[in-house]
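See structure below.
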Amino acid sequence: MAGLIGASIKRKEDPRLLTGRGRYVADLRLPGMLHAAVLRSPHPHARLRATDASAARALPGVVAVITARDLGPVGRIPVRLGPRPSLEACLQPPLASDRVRYVGEPIAVVVAASRYLAEDALERITVGYEPLQAAVDARLAAEAGAPALHEALGGNVVERLLTQSGDVAGALAAADRRIRERFVVQRHTGVPMETRGLVAAYDAGTRLLTVWGVAKVPHWNRRVLAELLDHPEHLIRVVELEVGGGFGVRGEFYPEDLLVPWAAMRLGRPVQWVEDRREHLMAANHSREQLHDVEIGVRRDGTILALHDRFLADLGAYIRTHGVIVPELTAALLPGPYRIRNYRCEVLCVLTNKTPTGTYRGPGRFEGTFVRERLVDMVAGALGLDPAEVRRRNFIQPEEMPYEVGGAALGQPTVYDCGNYPGAFETALAAIDYKAVREEQAAARRQGRHLGIGLGCVVEKAGLGPWEYARVEVDGSGQVTVYSGAASVGQGLETTLAQICGEELGLPAEAITVIHGDSALVPFGIGAFASRGAMVAGGAVLEASRRLRAKILALAARLLEARGDDLVLDHGRVHVRGAPGRALSLRDLARAAAPGQPLPPGMEPGLSAQHFFEAPRMSYPYGTHAAVVEVDAETGQVALLKYVIAYDVGRAINPAIVAGQFVGGLAQGIGGALYEELVYDADGQLLTTTFMDYLLPTAMETPAGVVAKILEETPTPLHPLGSKGAGEGGSSGAGAAIANAVADALAPFGVVVNALPLSPDRLLRLILNPGSG
Amino acid sequence: MSERAIRLKVNGREYQRTVEVRKTLADFLREDLELTGTHLGCEHGVCGACTIVMDGEAVRSCLLFAVQADGADLLTVEGLAEGEALHPIQEAFWEHHGLQCGFCTPGFLMTLYCFLRDRPRPSEAEIREALAGNLCRCTGYQNIVLAAKAAAEKLAATGR
Ligand code: FES
Ligand code: FES
C-alpha cells in the first residue's frame with residue numbers, strides 16, 4: 001500500500017498484549033512440566049569443597065538436583081561477538097565445579113514439581129565454601145599480586161586494546177591548552193521488566209528438543225546448545241515467544257540456556273525456569289563499568305588537536321558472549337562527531353569478582369559519549385567559550401563523508417557512512433531554544449536557582465550484519481506471510497516489517513502476518529541487536545517483497561494476457577490499468593502458481609520469494625541531546641525541565657515507533673545518568689538485588705514533553721530505503737547531556753562533574769566539598 | 001503443606017479452589033486459573049506489573065496470598081475488554097503507542113482503571129504520581145501518560 005513506509009500506524013502486536021493474551025515464557029504450561037531453581041554462590045570468590053544435596057533430594061516433590069559432577073564434562077559458553085584466543089581461558093562453565101568467582105554464580109539446579117518446592121530444596125543443599133580474597137576494584141585487580149581469578153591467565157588483565165591514529169604526543173605538545181581528567185562510569189545494566197526464563201521439552205521418540213524463551217539470537221543459541229549438548233542442530237527447535245524487553249541483556253547464551261534443556265533431556269519431562277528479580281540482578285549481564293584517564297589538547301579557539309585516553313573496563317568474573325566488544329566499541333567511537341586527527345586509546349580489559357558483563361543499549365557509546373562530551377564542556381570552560389561554539393568548530397562536515405575515524409570494531413574499520421552533524425546539532429539547539437534558556441539561566445541564578453543546560457552529541461552505530469534472512473509468501477487463501485530471521489525484543493518488529501512488505505505488495509499492514517523467532521518456521525536468521533531490525537531485517541524483507549511482487553506481476557501478465565507494466569497490484573488484487581474487471585486476486589494467483597500448473601518459463605512454482613540481505617558495513621546514525629535541568633542545592637535532586645533529542649535515522653519506517661525508541665531509550669539513559677548503580681561492597685558482595693536498591697526511573701523522574709526530532713536528512717547509501725537504526729541513540733547521549741547540564745547548573749560552586757550516577761548524595765557531597773570529584 | 005479452600009470471583013466468574021496457604025495471589029491467578037495476563041516483574045511489590053483490582057481497589061497480587069482473596073471480587077487484565085471490544089483505556093494505549101514489549105502494560109491498565117474512576121479529569125502531574133508505582137523499561141512513560149489523558153477523555157465521553 002503506497003504511503004505505508006513512513007506512516008505512524010498502530011502496532012499489530014498491541015491487541016494481544018493489551019488483552020493479556022501475549023504469551024511470554026513464564027506463561028507457558030506443558031503437561032507434566034517441572035520447575036527449576038538455581039543455587040547461586042553467596043561468595044564473591046571461594047573454593048568449593050563437598051556439596052551435599054541428599055537432604056534436598058529427599059524432599060517430596062524434588063525430582064533432581066544437578067551439580068557440576070552430574071553434568072559431567074561440558075564445554076564452556078563461547079564468545080559470540082569478536083572471539084579472540086586470549087579470552088578462552090576465562091569463559092564461563094555452565095555450573096561451577098571447584099571454584100566460584102562472583103556472587104550469583106550457578107552451583108546447582110534443583111528440579112521439582114513446583115517452583116515453591118524447588119526453592120525449599122535450595123535451602124537444603126549444603127556447600128563447603130573456602131573463601132578466597134576477592135578482586136573487586138578493577139584498578140587493584142589489574143595490578144601484579146592481586147588475587148587472580150583464572151590461574152591460566154596469569155593476572156586479571158584479559159586483553160589490552162590499542163587504537164591509534166596520527167601523532168598524539170606531538171599534537172599534545174603543540175597544543176595551546178591541555179586538559180586532563182578522570183571519568184568514571186558506574187556499573188549498571190538493561191534490566192528488562194520481564195526477567196529471563198526458559199521452557200525445554202524433549203521428545204525421546206523423535207529426539208526433538210524444543211526450547212521456548214530463546215530470544216535475541218535464537219539461531220546462534222541453537223548452534224551453541226547443539227555443540228554443548230552434542231545434539232544435532234536440526235533436532236533442536238528454538239522458539240522465542242513474546243519478549244518483555246531485551247536491551248542487549250536478554251537472549252545471550254547464559255548457563256541456564258544449557259542447564260534447562262539438559263535437565264529436560266535427562267529427566268524426560270518439560271522443565272520451566274523463570275528467573276526472579278534478585279537472580280536477574282546478580283546473574284544476567286552487568287554493563288558499562290569503566291574508568292577513563294583522558295587528556296585532550298586544543299588550540300586557543302577550541303579546535304581539538306589530540307585526544308589520548310587510557311581506560312580500564314571492568315568485565316567481571318568471566319568472559320561471556322560479548323567478549324571484549326564493549327571496550328572495543330568504546331575506543332572505536334570515542335572521537336564521536338569531531339574531527340580528531342590525532343587519537344590514541346589504550347584499554348585494559350580487567351576481570352574482577354563481580355557479575356560478568358555484556359552489552360547494554362548503546363554499549364560503549366553511552367560511556368564514551370559521556371567522557372568526550374564532558375571534556376568538550378571542560379575545554380569550553382577553560383577557554384571561556386560557549387560549549388555550543390566549541391562543538392561547531394570541531395564537527396566533521398557533511399562534505400567530508402564518508403569519513404575514516406582511524407579505529408576499528410567488530411572487524412570493521414570505523415568509517416562514518418554519511419551525516420550532517422552540524423545540521424542535527426542546530427536543530428536540537430533551536431528546539432530547546434538555546435539562547436532563551438541561557439537568558440533564563442542567568443535570571444534564575446539571580447534568584448538563587450540553579451539551572452543548567454547540557455549538550456551531548458552522539459555518533460551511534462547500527463545495522464550490524466553480516467546478513468539477515470526473509471521469505472515472503474502468499475498462501476492458498478491469498479494471505480501474505482513474512483518469515484523473518486530477526487527477533488523481537490518488544491520493539492514493534494512485526495509492525496515495521498509488515499509496513500515494508502505492505503508497501504511493496506499493495507496491502508495494509510494488518511493483512512500481513514509476520515513470523516519470527518521460531519527455528520522450525522524460519523530456517524535462517526541472526527537476530528535482534530545493534531539496532532539492526534529496521535535496517536538489516538527490513539532490507540531483507542524489502543528485497544524479498546520486491547522479488548515476490550515481480551513474480552506476482554509476471555504470472556498475472558501471462559494469465560491476464562497483459563503487459564507487466566500495465567498491471568496494478570493493490571488491495572490483494574492485480575488488475576489491468578483502466579480495466580478493473582480484468583483482475584486476479586492473490587488467492588487466484590497463489591493457486592495458479594502451485595506446482596503442476598503451467599508457469600512462465602523459468603518461474604519456480606509457489607508464490608513466494610526469499611532474500612539474504614547482506615550488510616558488510618555498519619551505518620552510523622547520529623544526533624544531539626539537549627537537556628535543561630534544575631539542581632536543588634539543598635537536596636542534590638536533579639529535575640529535568642526540558643529535553644530534546646534530534647537524531648537522524650535516514651528514513652523512519654514508523655515514526656511513532658522511532659520516537660518511542662528515542663523516549664524509551666532516554667529513560668534508560670536518565671537512569672544511568674542519575675540513579676542506577678549496581679553497588680558492590682569492598683568484599684565483593686552485591687548490595688543492589690531488589691528494586692528498592694536498584695532504582696529505575698519512574699513516571700516521576702522522567703521529563704514531560706520530551707521533544708523527539710526524527711531527522712531524515714542523510715539516508716544511508718548502505719540501505720535500499722536509506723534507513724539506519726533507531727534503537728540506541730535515545731540512551732547513548734543522555735549521560736553526557738545530563739552531566740553537562742548538571743555541571744553547568746553547579747558551575748557557581750566550582751564542582752567537577754566526572755562520575756556517574758549523579759545521585760542526590762553524590763551531588764550534595766560535591767556541593768559541600770567541590771574538590772571531591 | 002497446609003491448604004485451604006477458597007471461593008472468589010474473577011472477571012465475573014465464580015471459582016472454588018483449594019490452595020496452599022503460602023501461594024501468592026499472583027501465582028494462583030497465573031497457575032491455578034491460567035490467567036497469565038497478570039505479570040510478575042519483581043515479586044517484591046515495587047514494579048506494579050502484577051497489579052489487579054480487588055473489591056474495587058488496585059492491589060499488587062504478588063504481595064497477597066491467594067487465601068486473602070477468599071470471598072473477593074477480582075478484575076484482571078483479561079476482564080477489561082468486552083469480547084473483542086477493547087476497553088477505552090486499552091484503546092488509548094493502542095492509539096498512543098503506550099506500550100512496547102507489553103510486559104508492564106497489564107499493571108498500568110489496572111492501575112489506571114481505578115485511578116481514572118476516582119479521578120476522571122486528572123492533570124498530567126496527577127497522572128504521573130498515580131503511575132509512580134508502576135515501572136516500565138521500554139516507553140519512558142511519555143506515551144503512557146498521553147494514553148492516560150486520552151483514556152480519561154474517552155471515558156468521560158462514553159460516560160463510563
Ligand atoms: S511483581 Fe508485584 S510489584 Fe512487581
Ligand atoms: S512496555 Fe516494556 S516494560 Fe513497559
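The values are calculated or read from the model by the stated rules, or taken from the named source; none is laboratory data. All figures in this text were calculated on a predicted structure; none of them were measured in a lab. Cβ placement follows ideal geometry from the backbone for every residue including glycine, while neighbour counts extend to all protein chains displayed. For accessibility, only protein heavy atoms count, side chains too; no ligands or nucleic acids. Shrake-Rupley method; radii C 1.70, N 1.55, O 1.52, S 1.80 Å.
Within region A:591-605, can you find the residues that are farther than 11 Å from A:Ala554 by Cβ and exposed (fewer than 15 other Cβ atoms within 10 Å of the Cβ)? Let's see the steps before the verdict.
Filtering region A:591-605 for residues farther than 11 Å from A:Ala554 by Cβ gives A:591-592, A:594-598, A:604-605.
Matches in region A:591-605: A:Ala594, A:Pro595, A:Gly596, A:Gln597, A:Pro598, A:Glu604, A:Pro605.
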Is it the case that region A:516-537 has a residue that's surrounded by fewer than 24 Cβ atoms within 10 Å (Cβ to Cβ), part of a helix (DSSP H, G or I) and of a type in the set (A, V, I, L, M)? no
(1) under 22 Å from A:Val658 (Cβ atoms); (2) within 11 Å of chain A (Cβ to nearest Cβ) all hold for B:Ile127 apart from (1)
Look through region A:346-380, keep the residues that are open to solvent by 10 Å² or more (accessible area, probe 1.4 Å) and farther than 23 Å from A:Leu674 by Cα, and return whichever of them is farthest from the chain's Cα centre (by Cα). A:Glu346
Take region B:69-90 and flag every residue that is farther than 25 Å from B:Ala150 by Cβ and either modelled with pLDDT under 95 or open to solvent by 50 Å² or more (accessible area, probe 1.4 Å) (or both). B:Asp70, B:Gly71, B:Asp73
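Of the residues in region A:210-256, how many are of a type outside the set (Gly, Ala, Ser), within 14 Å of another protein chain (Cβ to nearest Cβ) and either at negative phi or open to solvent by 10 Å² or more (accessible area, probe 1.4 Å) (or both)?
Residues of region A:210-256 that are of a type outside the set (Gly, Ala, Ser), as a first pass: A:210-212, A:214, A:216-225, A:227-243, A:247, A:249-250, A:252-256.
Going one step further and asking which of them are within 14 Å of another protein chain (Cβ to nearest Cβ), we end up with A:212, A:216, A:240-243, A:247, A:249-250.
Filter again for either at negative phi or open to solvent by 10 Å² or more (accessible area, probe 1.4 Å) (or both), leaving A:212, A:240-243, A:247, A:249-250.
Residues that pass the stated criteria total 8.
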Can you work out which of the residues in region B:91-106 that are at the interface with chain A (Cβ under 7 Å from one of its Cβ atoms), more than 6 Å from ligand 2 (Cβ to nearest atom) and among the hydrophobic types (A, V, I, L, M, F, W, C) is surrounded by the most Cβ atoms within 10 Å (Cβ to Cβ)? B:Phe93
How do the pairs read when you match residues in region A:471-482 that are not assigned by TED's automatic domain parsing to the domain that holds A:Gly572 with residues anywhere that are aromatic (Phe, Trp, Tyr) and in a loop (DSSP other than H, G, I, E, B), using Cβ under 8 Å and keeping only pairs 6 or more apart or on different chains? none
Members of region B:27-58 found to be away from ligand 1 (no atom under 16 Å from the Cβ) and over 21 Å from A:Leu30 (Cβ atoms), listed by number: B:Asp55, B:Gly56
Check on A:Arg178, modelled with pLDDT of 95 or more, over 28 Å from the mean Cα position of the chain (by Cα) and under 30 Å from A:Pro523 (Cα atoms): no
Considering each residue of region A:615-641, count those that are open to solvent by 20 Å² or more (accessible area, probe 1.4 Å) and modelled with pLDDT under 90, and give that number. 2
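Which count do you get for residues in region B:43-69 that are among the β-branched types (Val, Ile, Thr) and within 16 Å of ligand 2 (Cβ to nearest atom)? Break it down into steps so the answer makes sense when it comes.
To start, the set of residues in region B:43-69 that are among the β-branched types (Val, Ile, Thr) comprises B:46, B:51-53, B:59, B:67.
Next cut, within 16 Å of ligand 2 (Cβ to nearest atom) only: B:46, B:51.
Of the residues in region B:43-69, 2 are among the β-branched types (Val, Ile, Thr) and within 16 Å of ligand 2 (Cβ to nearest atom).
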Which condition from (1) among the polar types (S, T, N, Q); (2) within 16 Å of ligand 1 (Cβ to nearest atom); (3) in a helix (DSSP H, G or I) is the one that B:Gln90 breaks? (2)
Complete set of residues in region A:312-338 that are under 30 Å from A:Pro106 (Cα atoms), touching a Phe, Trp or Tyr at 6+ places or on another chain (Cβ under 9 Å) and in contact (Cβ under 8 Å) with a residue 60 or more places away in the chain: A:Gly316, A:Ala317, A:Tyr318, A:Arg320, A:Thr321, A:Pro327
Please work out if B:Thr24 is open to solvent by 20 Å² or more (accessible area, probe 1.4 Å), touching a Leu at 6+ places or on another chain (Cβ under 7 Å) and within 16 Å of ligand 1 (Cβ to nearest atom). yes
Only one residue in A:Arg320, A:Arg269, A:Arg278, A:Arg300 is basic (Lys, Arg), open to solvent by 10 Å² or more (accessible area, probe 1.4 Å) and closer than 30 Å to A:Arg392 by Cβ, so which one is that? A:Arg300
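If you take the residues of region B:26-42 that are more than 16 Å from ligand 2 (Cβ to nearest atom) and under 25 Å from A:Leu696 (Cα atoms), which of them is nearest to the other protein chains (Cβ to nearest Cβ)?
From region B:26-42, those more than 16 Å from ligand 2 (Cβ to nearest atom) are B:26-36; that's our starting set.
Of the ones still in play, those that are also under 25 Å from A:Leu696 (Cα atoms) are B:26-27, B:36.
Details: B:Ala26: 11, B:Asp27: 8, B:Thr36: 4 Å.
Out of the qualifying residues, it is B:Thr36.
Step by step: first the residues of region B:47-68, then only those that are in a loop (DSSP other than H, G, I, E, B) and touching a Gly at 6+ places or on another chain (Cβ under 8 Å), then the one that is surrounded by the fewest Cβ atoms within 10 Å (Cβ to Cβ). Which residue is that? It would help to see each step written out before you state the result.
Here is the first cut: in region B:47-68, the ones in a loop (DSSP other than H, G, I, E, B) are B:47-50, B:55-56, B:61-64.
With touching a Gly at 6+ places or on another chain (Cβ under 8 Å) added as a condition, the list becomes B:47-50, B:62-63.
Details: B:Cys47: 27, B:Gly48: 26, B:Ala49: 28, B:Cys50: 28, B:Cys62: 23, B:Leu63: 14.
Per the stated criteria, the residue is B:Leu63.
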Sort out for me the helices (runs of 4 or more DSSP H) sitting completely within region A:675-773 that have 1 or more residues that are surrounded by fewer than 21 Cβ atoms within 10 Å (Cβ to Cβ). A:760-768
Hits in region B:122-153 (condition: more than 16 Å from ligand 2 (Cβ to nearest atom), open to solvent by 50 Å² or more (accessible area, probe 1.4 Å) and touching a residue at least 12 places away in the same chain (Cβ under 8 Å)): B:Glu124, B:Lys149
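Inside region A:1-104, counting only helices (runs of 4 or more DSSP H) that do not spill past its ends, which hold 2 or more residues that are over 30 Å from A:Ala487 (Cα atoms), open to solvent by 30 Å² or more (accessible area, probe 1.4 Å) and assigned by TED's automatic domain parsing to the domain that holds A:Val127? If you could, list the steps in order and put the result at the bottom.
Working: elements: A:14-18, A:54-58, A:68-71.
Fully inside region A:1-104 and qualifying: A:54-58, A:68-71.
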